[in-house]
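Single-structure report; data block below.
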Amino acid sequence: MAFFKDAAELYECIGGFFKEAAKDPDMGPKIRESKLIITFEYSAPDSRITVDAKNPAAPGDFFTIITGPTDLTPDVRMSMSADIAHRFWFGKVNLVQALAKGEMKAQGPIPSILKLLPAIKPAYELYPEYLKKIGKADKLI
Amino acid sequence: MLPEYFDFYCRTRIVAGPGLAAGFGNELGRLGGSRAFIVTDRVVRDLGLLDPVVRSLAVGGLDVVGTFDDIPPNSGFGVVMQGVEACRTAGGDILIAIGGGSVLDTAKGMNIVLCLGGDIADYQGFGLINEPLRPLVAVPTTAGTGSEVTAYAVIRDDATRSKQSLVSPYLAADLAVLDPELTLGLPPALTASTGMDALTHAVEAYLSTNSKPISDGLALHACRIIARWLPAAVSSGDDLEARYQMLTASCVAGMAFSAAMVGCVHALAHALGGLFHVPHGLANALLLAGGMEYNLPAVEERLADLAAAFGVGPTGERSRDAAAAIRFVRELVARVGLPSCLREAGVPEDGLEEAAETACIDAAIYTNPREATPEELLEVLRKAF
Ligand SMILES: [Fe+2]
């Protein structure tokens, strides 16, 4: 069974977590520094989240999170199932394998994607914490 | 530890033998296509290496409709798009690439755009090319890149001065023709540096975090052949057997690293190629021993295996074997007459820092056995300077 019953629940969990990350004094500046617009395209449920670290963000935020459609043109597009995305934020996806199996696709300059990987490492611990905080402990894996 | 998963894929039919460049005509029928477009460079053309291949094409019933030979050593996105234009104008429907790594990778890049449209820069990423492209025949004239069988095309993005990797199993050629006679005229320095590229593929594939049983076997065998035959290919360029062994080893190492990927030595070589146009094989040659040494704490056992493949082990003591493998590589570079340091290869000292930073975000770094920081890579560069 899929982790998320619909797009709204995915936006609440992953989208909400991204919005927290946008305020994170550790991860935030490094992601901002990339100056990238990254769109995550999810399937099952169909949904999308865009991270905009290029345009100015609201006060207190290092970047902007947009759930659902947007007119922004992404520099990097990552597509995967929502379940893979959920597992990814627990640090439980081997990227090389996921790409080899076709579970994940990435379009855009590979170096800029690789540059972000060390920056987002703290997320693997923060995502489960966030889920507990919003009463979604049933999503823990 | 039992691995959770591995995969291995090689779609290329490989034919090999002395004189085969003139005799592979009967291989062409099953590939489809009747209008051959040749991708090569001027050096290859001036050496007359196209002639036997053109005879094979005639036997196979193919018309040669055009040739694109304007390809520099570190080919770029712009060159790929020029090649696409030339092929479209000529109406080619099967690509015949004859040359070294730059030529082969340019042809692969052209093939993507010819089939799928758009611009070559659009295809940077992973998992974007998921269907067979046009038939591609690869005839390598150097024994190094193994590009005829790999799932990669490494092409320079002129805008960012960086080497970009395009990835898909469909990039590997449909047919690879390995004719050692085509490599007889390679000068010693080029024989040495391209041979060291092949050795670096084998070593890094074996040490990669993405290594797997099938690539391990290929990598170790390539190490055995190269250790045994590279010095002869360099010192006696007309030794057909040495040439045959090196061309084969380059292909075997290509299959190994296509599946296992590479590591920090290639990441650094890509950076030095992109920033300062250091020839790829030479950069690898100058950094391989240092890269092995850097990775030693993570992969001592694997390095010790390499000593046996190189014929300098086993001694019964694994740490001594690992050190012997590194020493063997260092001595081999000197033995084949290559420059001994990056300074001699034209790298500016004040460029090392930028190279280390660039290497840290090169696709090749991701499967290095140690998670490398820019500071650590700078140290590897400094030691090789
Ligand atoms: Fe290479």
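The values are calculated or read from the model by the stated rules, or taken from the named source; none is laboratory data. Here the structure is a predicted model, which means the values were calculated and not measured. With ideal geometry, Cβ positions are generated from the backbone for all residues, glycine too; neighbour counts draw on all protein chains shown. Side chains included, ligands, DNA and RNA excluded: accessible areas come from the protein's heavy atoms. Shrake-Rupley method; radii C 1.70, N 1.55, O 1.52, S 1.80 Å.
Among residues of segment B:307-324 that are among the hydroxyl-bearing types (S, T, Y), those with a beta-carbon under 8 Å from a residue that is surrounded by 13 or more Cβ atoms within 10 Å (Cβ to Cβ) at least six positions away or on a different chain give the pairs B:T315/B:A307; B:T315/B:D321; B:T315/B:A324; B:S319/B:E300; B:S319/B:A304.
Remark: B:I226 falls outside the filter, which requires a residue to be β-branched (V, I, T) and within 14 Å of chain A (Cβ to nearest Cβ).
List the strands (runs of 3 or more DSSP E) that sit entirely inside segment B:152-224 and contain at least 3 residues that are within 23 Å of A:N94 (Cβ to Cβ).
B:162-167
None of B:G29, B:G33, B:G25 is touching a helix residue (DSSP H, G or I) at 6+ places or on another chain (Cβ under 6 Å), away from chain A (no Cβ under 14 Å), over 23 Å from B:G101 (Cβ atoms) and of a type in the set (G, A, S) except B:G25. If you filter segment B:103-128 down to residues that are at pLDDT below 95 and either within 16 Å of the ligand (Cβ to nearest atom) or part of a loop (DSSP other than H, G, I, E, B) (or both), you find that the one that is surrounded by the fewest Cβ atoms within 10 Å (Cβ to Cβ) is B:L128. Within the option set A:A98, A:A106, being in contact with a strand residue (DSSP E or B) (Cβ under 9 Å, 6 or more places away or on another chain), facing chain B (nearest Cβ under 7 Å), open to solvent by less than 40 Å² (accessible area, probe 1.4 Å) and not aromatic (F, W, Y) holds for one residue only, A:A106.
Summed over segment B:325-365, the residues that are part of a loop (DSSP other than H, G, I, E, B), small (G, A, S) and over 22 Å from B:K163 (Cβ atoms) give a count of 2. In segment B:172-186 there is no residue that is within 30 Å of B:A36 (Cα to Cα), within 14 Å of chain A (Cβ to nearest Cβ), open to solvent by 20 Å² or more (accessible area, probe 1.4 Å) and away from the ligand (no atom under 13 Å from the Cβ). Taking the criterion of being small (G, A, S), under 18 Å from B:T358 (Cα atoms), within 14 Å of the ligand (Cβ to nearest atom) and within 14 Å of another protein chain (Cβ to nearest Cβ), would at least one residue in segment B:250-270 satisfy it? Scanning segment B:250-270 turns up at least one residue that is small (G, A, S), under 18 Å from B:T358 (Cα atoms), within 14 Å of the ligand (Cβ to nearest atom) and within 14 Å of another protein chain (Cβ to nearest Cβ). Comparison of B:A271, B:A253 shows that the only residue that is within 15 Å of the chain's Cα centre (by Cα) and not polar (S, T, N, Q) is B:A253. Could you check, for segment B:57-64, whether at least one of its residues is open to solvent by 20 Å² or more (accessible area, probe 1.4 Å), in contact with a Gly (Cβ under 6 Å, 6 or more places away or on another chain), without any contact (Cβ under 8 Å) to a residue 60 or more places away in the chain and not in a loop (DSSP other than H, G, I, E, B)? Yes, because at least one residue in segment B:57-64 is open to solvent by 20 Å² or more (accessible area, probe 1.4 Å), in contact with a Gly (Cβ under 6 Å, 6 or more places away or on another chain), without any contact (Cβ under 8 Å) to a residue 60 or more places away in the chain and not in a loop (DSSP other than H, G, I, E, B). Among the residues of segment B:137-161, the ones that are within 16 Å of the ligand (Cβ to nearest atom), within 14 Å of chain A (Cβ to nearest Cβ) and open to solvent by 20 Å² or more (accessible area, probe 1.4 Å) come to 3 in all.
Taking the criterion of being of a type outside the set (S, T, N, Q), in contact with a strand residue (DSSP E or B) (Cβ under 9 Å, 6 or more places away or on another chain), open to solvent by less than 70 Å² (accessible area, probe 1.4 Å) and in contact (Cβ under 8 Å) with a residue 60 or more places away in the chain, would at least one residue in segment A:60-67 satisfy it?
Within segment A:60-67 (the criterion being of a type outside the set (S, T, N, Q), in contact with a strand residue (DSSP E or B) (Cβ under 9 Å, 6 or more places away or on another chain), open to solvent by less than 70 Å² (accessible area, probe 1.4 Å) and in contact (Cβ under 8 Å) with a residue 60 or more places away in the chain), the answer is no, since none of the residues qualifies.
Here B:G274 meets the list (1) open to solvent by 30 Å² or more (accessible area, probe 1.4 Å); (2) within 15 Å of the ligand (Cβ to nearest atom) almost entirely, failing just condition (1). Considering each residue of segment B:1-21, count those that are over 24 Å from the mean Cα position of the chain (by Cα) and more than 26 Å from B:Y152 (Cβ to Cβ), and give that number. Result for segment B:1-21: 2. Quick check on segment B:91-100. Is at least one of its residues within 16 Å of the ligand (Cβ to nearest atom) and either in contact with a Lys or Arg (Cβ under 9 Å, 6 or more places away or on another chain) or over 19 Å from B:D362 (Cβ atoms) (or both)? The answer is yes, given that some residue of segment B:91-100 is within 16 Å of the ligand (Cβ to nearest atom) and either in contact with a Lys or Arg (Cβ under 9 Å, 6 or more places away or on another chain) or over 19 Å from B:D362 (Cβ atoms) (or both). Taking (1) over 30 Å from A:M78 (Cβ atoms); (2) open to solvent by less than 40 Å² (accessible area, probe 1.4 Å); (3) within 18 Å of the chain's Cα centre (by Cα) in turn, B:G76 satisfies each apart from (1).
Kindly indicate whether A:K19 is assigned to a helix (DSSP H, G or I) and surrounded by fewer than 19 Cβ atoms within 10 Å (Cβ to Cβ). Answer is yes for this residue. Taking the conditions exactly as written (farther than 23 Å from B:V44 by Cβ, open to solvent by less than 10 Å² (accessible area, probe 1.4 Å) and in contact (Cβ under 8 Å) with a residue 24 or more places away in the chain), does B:L199 satisfy them or not? Yes; evaluated as a whole, the condition is true for this residue.
Please note which helices (runs of 4 or more DSSP H) are completely contained in segment A:69-133 and include at least 1 residues that are among the β-branched types (V, I, T) and within 15 Å of the chain's Cα centre (by Cα). Spell out the reasoning first.
Details: elements: A:82-88, A:95-100, A:110-119, A:123-133.
Counting at least 1 such residues, we get A:82-88, A:110-119.
Regarding B:E379, is this residue surrounded by fewer than 21 Cβ atoms within 10 Å (Cβ to Cβ), of a type in the set (D, E, K, R) and farther than 24 Å from A:I113 by Cα?
yes
Considering B:N368, B:N295, the condition of being within 30 Å of A:L99 (Cα to Cα), within 14 Å of chain A (Cβ to nearest Cβ), open to solvent by less than 20 Å² (accessible area, probe 1.4 Å) and of a type in the set (S, T, N, Q) is satisfied by B:N368 alone.
Among the residues of segment B:337-365, the one identified as in contact with a Phe, Trp or Tyr (Cβ under 6 Å, 6 or more places away or on another chain) and either within 14 Å of chain A (Cβ to nearest Cβ) or open to solvent by 40 Å² or more (accessible area, probe 1.4 Å) (or both) is B:R343.
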